[in-house]
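These notes concern the structure reproduced below.
What follows is calculated from the coordinates using simple rules that are stated; it is not laboratory data. Predicted, not measured: the structure shown is a model, and the values here were computed from it. For neighbour counting, all protein chains shown are included, and Cβ atoms are generated from backbone atoms with ideal geometry for every residue, glycine included.
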Amino acid sequence: MFSRSVLRSLTSDLRLSAPSISTISLPQRACLHQTASLRNAQQQSQTQSSSLNPETPLSATPRAQESIPETSIHNIIPQTRDDIPLAKQPVAPTFTSPLEVTKSLMAQLPHLVGQTPHYVTAEIHARPFLLTAGDHIRLPFLMPKVKTGDILRFNRASALGSRDFTLKGSPHIDERLFECRVRVIGVESEPLRIKEKTKRRQRHTKQARSKHRYTTMRVMDVRVKSPEELLKEGAVVIEDAADSPQIEARS
Amino acid sequence: MSYFRITLLRSAIGLPRRTTDVLKALGLKKRMATVFHPVSSSAAGQIMKVKELVEVKEVENYMSQHEVWLERKPDPGYYVEKTVAQERGESLQQ
């Protein structure tokens with residue numbers, strides 16, 4: 001009996017002490033959140049003041065490449081599961097070094113550019129999609145933060161080619177070598193699926209319903225940039241290396 | 001300070017109890033799980049006990065579970081170039 005009462009008093013002590021800990025830690029958390037939100041607000045105000053056309057309404061979707069604040073791109077340190085670096089987010093890339101093209105690729109590229117139509121093996125979340133201009137795609141998922149009519153750019157390609165030539169990446173082609181634009185057509189949904197869930201020794205059956213939605217898109221254009229265009233955009237011609245990408249002709 | 005980056009490639013099912021316990025001590029619960037331990041003789045000894053099941057690399061920095069996961073996360077492969085609102089604004093300006 002004695003031990004039980006001792007235990008009870010101990011537990012009551014613990015109970016008393018536990019909320020106090022939480023009350024101490026809570027304001028700190030709140031402070032952190034506040035500072036984070038403040039910082040975000042400051043950044044937003046900075047970008048607003050520095051943006052070229054302040055009369056346009058502020059939209060939640062990311063603007064063109066130059067309006068992304070430089071400070072927020074490199075200062076993210078992943079801490080929680082929601083923190084994803086910008087390189088792994090669907091954000092327009094910023095380049096620090098010019099595109100490097102080998103001499104042999106420069107020489108072979110006109111053959112590929114001259115032969116239309118082109119195809120591209122674009123990788124969306126590491127899944128390959130073989131695309132040509134005019135194709136309709138139904139993605140196997142609902143793409144977030146995208147509306148009907150938006151224009152997307154696909155920037156990860158593992159192969160780029162025409163009827164007779166293929167440029168293969170190792171494992172990816174530099175995104176400045178081509179343009180692949182896609183317009184979001186809308187959202188498709190599958191017919192409602194009902195799965196009956198039964199348990200043993202029970203007359204009741206549970207119904208699990210699922211109706212997934214998928215984003216549909218149309219490929220607007222697949223274009224390979226010509227050598228002149230690449231040079232105009234500041235590409236640098238370098239000597240050939242062993243692992244440099246090369247255009248392969250169909251055998 | 002360098003670390004052992006240990007990944008469990010093969011499970012210890014059907015192996016002696018001792019092996020399972022060593023894996024548990026290392027913090028490896030399931031296949032393809034990755035843990036980091038500072039380089040020390042005790043960690044090396046534990047790895048030696050289960051060397052047939054794990055892959056070990058010596059790395060400079062410790063990585064959190066989230067960072068290990070981010071390593072494997074593929075690029076999205078797309079970005080929004082122009083939204084409908086932007087396009088409409090451009091057409092209105094012209």
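Amide H contacts of A:E100 (H built 1.01 Å from N, in plane; Pro and chain starts excluded): A:V236 sit under 5 Å, all sequence-distant by 5 or more or on other chains.
Using a 10 angstrom cutoff on alpha carbons, build the Gaussian network for chain B and name the most mobile of B:K24, B:K49, B:K82. Of B:K24, B:K49, B:K82, the Gaussian network model singles out B:K82 as fluctuating most.
Close amide H contacts of A:I137 (hydrogens built in the peptide plane, cut-off under 5 Å, sequence separation of 5 or more or a different chain): A:M217, A:R218, A:V219. Which of B:K29/B:K57; B:K24/B:K57; B:K49/B:K73; A:K145/B:K82; A:K147/B:K73 have a Cα-Cα distance over 21 Å? Distance filter (> 21 Å) returns B:K49/B:K73; A:K147/B:K73. Considering only B:V80, B:V59, B:V35, the Gaussian network model of chain B with Cα springs below 10 Å gives its largest mean-square fluctuation to B:V80. Extension gain for the segment B:Q94 to B:K30, taken as residue separation times 0.36 nm less the Cα-Cα distance, is 17.0 nm to one decimal. The alpha carbons of segment A:119-196 occupy a box of 49, 29, 22 Å along the principal axes, longest dimension given first. Of the residues B:T34, B:Y62, B:P16, the one whose Cα sits farthest towards the positive end of the charge dipole of chain B is B:P16 (charges of +1 on Lys and Arg Cβ, -1 on Asp and Glu Cβ, taken about the Cα centre). Working note: Karplus 6.51/-1.76/1.60 with θ = phi - 60° gives segment A:129-139 the couplings 10, 8, 10, 10, 4, x, 6, 9, 10, 10, 5 Hz, where Gly and Pro are set to x.
Peptide A:151-162 has a mean shielding of 3, counted as Cβ atoms of other protein chains within 10 Å of each residue's Cβ. Here the extension length gained between A:A126 and A:Q246 equals 41.0 nm, from 0.36 nm per residue of separation less the Cα-Cα distance.
A Gaussian network model of chain B, with springs between Cα atoms under 10 Å, assigns the largest mean-square fluctuation among B:S41, B:S64, B:S11 to B:S41. Averaging over all projection directions, the Cα-based convex hull of segment A:109-242 occupies 12.6 nm² in the image plane.
Compactness ratio for segment B:3-93: Cα radius of gyration over 2.2 N^0.38 Å (N = residue count) comes to 1.81. Distant-in-sequence amide contacts of B:A33, defined by a placed amide H-H separation under 5 Å and a gap of 5 or more residues or a different chain, comprise B:L8.
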